[in-house]
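So the structure is just underneath, and the comments pick up after that.
The values are calculated or read from the model by the stated rules, or taken from the named source; none is laboratory data. The shown structure was predicted, so the numbers you read here are calculated from the model rather than taken from an experiment. Here the Cβ is made from the backbone with ideal geometry for all residues, glycine too, and neighbour counts use every protein chain on show. What goes into the accessible areas is simple: the full protein's heavy atoms, side chains included, and nothing from ligands, DNA or RNA. Shrake-Rupley method; radii C 1.70, N 1.55, O 1.52, S 1.80 Å.
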Amino acid sequence: MAKLIVDGKEIEVAPELTLLQACEQAGAEVPRFCFHERLSVAGNCRMCLVEVKGGPPKPTASCAMAVRDLRPGPNGEPPVVLTNSPMVKKAREGVMEFLLINHPLDCPICDQGGECDLQDQAVAYGLAGSRFSENKRAVEDKNLGPLVKTAMTRCIHCTRCVRFTTEVAGITEMGLISRGEDAEITSYLERALTSELQGNVIDLCPVGALTSKPYAFHARPWELTKTESIDVMDALGSAIRVDSRGREVMRVLPRLNEAVNEEWISDKTRFIWDGLKTQRLDRPYVKENGRFRAVSWSEAFAAVKARVAGTAPARMGAIAGDLASVEEMYALKGLMTALGVTSIDGRQDGTKLHPKFGRASYVFNSTIAGIEAADAVLIVGADPRHEAAVLNARLRKTWRASGGKLKVYVIGAPIDLTYPTIHLGDGPDALRNLDAEVVAALSAAQKPLVIVGQGPLLRRDGLALLSLAAEVACRVGAVKDGWNGFSVLHTAAARVGALDIGLVPEEGGRDVEAMIEASVEGDLDVLFLLGADEFGAGHLGPKTFVVYIGSHGDTGAHRADVILPGAAYTEKSGTYVNTEGRVQLGQRATFPPGEAKEDWAVLRALSEVLGKKLPYDSLAALRAALYAEVPHLAALDEAPENDAAAIAALAGIGGAIEPVPFLPAIADFYLTNPIARASKVMAECSALAHGTRQAAAE
């Protein structure tokens, strides 16, 4: 540790820290525009100037000097740093005056108004006027795509956006061109950005140069109610803040969570909000003669009761979707158990994961933050860039921290993960017959990481492939004392929670695939869908009576005979378990539209009509019953360590494997769920992404 004196206060800090970080640890506030803790140091803005005693007779950029670079006093005294001396005050006023020479005075119409670093620091550190009377320069706006709006005349050339896209997102599509007064930030060749993380430059921009295009001119920050919640667009459980006005969600922003998403979120997470208000189910419906008729709740429940009453439990089933919370899945399971139904499944994608193999067999055991400790990576049938964009950024961060030495081996379809990878093959043979050099490299690593995607697990031989991956992980030392690198990457927010509560077929019950087959053959009379839309509802037989409980009019609702409107993830308080097994709580930001209710409440009311009343009348009572049955769900924001012995047992299962290439689990990153498919912004992004890929192929 190094000692220094900041504004008369002596502190000890790590020598590798910058002066700016050291001053903040001492409680001093240092303004900045270009510096960011997660980006490289640029030293562009000069707003963070401080005075260093014994140093050069001029202010020093505190972001660009490390504590170790300071010289002690003549008698060995600790270095002295001043953050509020007359020299520093005058220097900051000069810097601010220069920054405002060309900055337009359009704060009343700027979307950054009220959240602008330049506004705040101009008030705190600037002068009351300017000595410059020359004309301000103007810069042409750039078209960065449907997500990021530009007003480049406001740009102060901090280059945060350039460093983020290059270093974190891994795309070299932005940069600064020209020099002096002609310098400007632009995308190369005037093309739209292609990263799935590009929306984060909106948060990084300290002025109004880069703002949200879908949110433009919609609201001011002081009009919005802020609610801390959890994202469900993928299985990471990123920490988010939902900003709403009245009953409408206006935007979604990231929250800091070092263990999961740091401070980044994917574009789907950020811009999905317009899909929350379109294609909504806001009242119960019953299908009569092929057409839906709006009915009361009692009529809808009566229609369900009439059909269930004369149906044997063996001829009924239930499927839970990707966005369901643990509470409503627990209520669904309770209702089906009370009815004697054994055909229940929370794995609508058909994955062969099962709780009977142990929790370690279906979670990301290394944890997301643990990726940074890995020194060799094997990816089996996964596409982290599109299945978990923020997790992929963590992998890239680990690769950069290693100086480019981290070896990332990939088995599956060739993909661009924004960092160098070594492609070993596209199917099971590459996994079964791993090259000796690869085995040696993984075995020599202290903490090898094996990431298993959902693509291989959705096949008929998915269990055998999971077993093979577990066997490889054990063979190369990915599972050992102090380290469990066998990690399953999920794509659905509800999947781990469903497995935790045992929402899988009971003895003699059918899974999703078997339920579809039974429906086609006329052996499935009633099917309950809890927000399930991606399992192939269009393939169900015409005689199956479908009850759909959900928020959007997607494929499940189209096939339904009775629709019971539920709540979207921003409209209910619910528990979600992310891919690493971390239990998280999402909070309600707005209320469901019309007559829609929270899904667990719909199931509770339906159970009473069916004569199988569930034993709880409130969400608190439901959670009490849930925690009593599955105790680890009560430990919020913890990723418990799982028994690694389950992986060794899994490795011994074996089974026949088909020599067919692995297919990606996600065909379109932007259209993976009903909310995304209802979003106009996501449709634009999808069309742009497909056009870009087609152009690249040609």
**Asked** Can you find a residue in the stretch 314-333 that is more than 30 Å from TRP399 (Cα to Cα), open to solvent by 40 Å² or more (accessible area, probe 1.4 Å), in a helix (DSSP H, G or I) and in contact with a Ser or Thr (Cβ under 8 Å, 6 or more places away or on another chain)?
**Response** yes
**Message:** Can you list residue pairs whose Cβ atoms sit under 6 Å apart, with the first residue in the stretch 47-66 being without any contact (Cβ under 8 Å) to a residue 60 or more places away in the chain and in a loop (DSSP other than H, G, I, E, B) and the second being polar (S, T, N, Q) and open to solvent by 10 Å² or more (accessible area, probe 1.4 Å)? Count only pairs 6 or more apart in sequence or on different chains.
**Reply:** CYS63/THR18
**Message:** Among the numbered criteria (1) among the charged types (D, E, K, R); (2) open to solvent by 60 Å² or more (accessible area, probe 1.4 Å); (3) over 30 Å from GLU93 (Cβ atoms); (4) in contact with a strand residue (DSSP E or B) (Cβ under 8 Å, 6 or more places away or on another chain), which one does GLU190 miss?
**Reply:** (4)
**Request:** Could you grab the pairs with beta carbons closer than 6 Å, sequence gap of 6+ or different chains, first residue in the stretch 330-345 and within 15 Å of GLU629 (Cβ to Cβ), second one open to solvent by 30 Å² or more (accessible area, probe 1.4 Å)?
**Result:** ALA331/TRP600; ALA338/LYS612
**Message:** Please determine whether any residue of the stretch 126-142 is touching a residue at least 24 places away in the same chain (Cβ under 8 Å) and either in a helix (DSSP H, G or I) or within 27 Å of the chain's Cα centre (by Cα) (or both).
**Reply:** no
**Request:** Of the numbered conditions (1) in contact with a helix residue (DSSP H, G or I) (Cβ under 7 Å, 6 or more places away or on another chain); (2) open to solvent by 10 Å² or more (accessible area, probe 1.4 Å); (3) at negative phi, GLY502 fails exactly one; give the number of that condition.
**Result:** (3)
**Message:** Take PHE364 and tell me if it is among the hydrophobic types (A, V, I, L, M, F, W, C), closer than 18 Å to VAL476 by Cα and surrounded by 17 or more Cβ atoms within 10 Å (Cβ to Cβ).
**Reply:** yes
**Message:** Restricting to the stretch 121-139, count the residues that are of a type in the set (Ser, Thr, Tyr) and under 25 Å from VAL30 (Cβ atoms).
**Reply:** 2
**Fill in**
Matching residues in the stretch 358-393 (under 30 Å from GLU507 (Cα atoms) and either at pLDDT 95 or above or within 24 Å of the chain's Cα centre (by Cα) (or both)) number 7
**Asked** Quick one: is LYS305 of a type in the set (D, E, K, R) and closer than 27 Å to ASP349 by Cα?
**Response** no
**ARG92 vs. criteria farther than 30 Å from ALA151 by Cα and either in contact with an Asp or Glu (Cβ under 6 Å, 6 or more places away or on another chain) or not in a loop (DSSP other than H, G, I, E, B) (or both)** = no
**Asked** Taking helices (runs of 4 or more DSSP H) that fall entirely within the stretch 569-656, which contain at least 3 residues that are crowded, with 23+ Cβ neighbours inside 10 Å?
**Response** 599-609
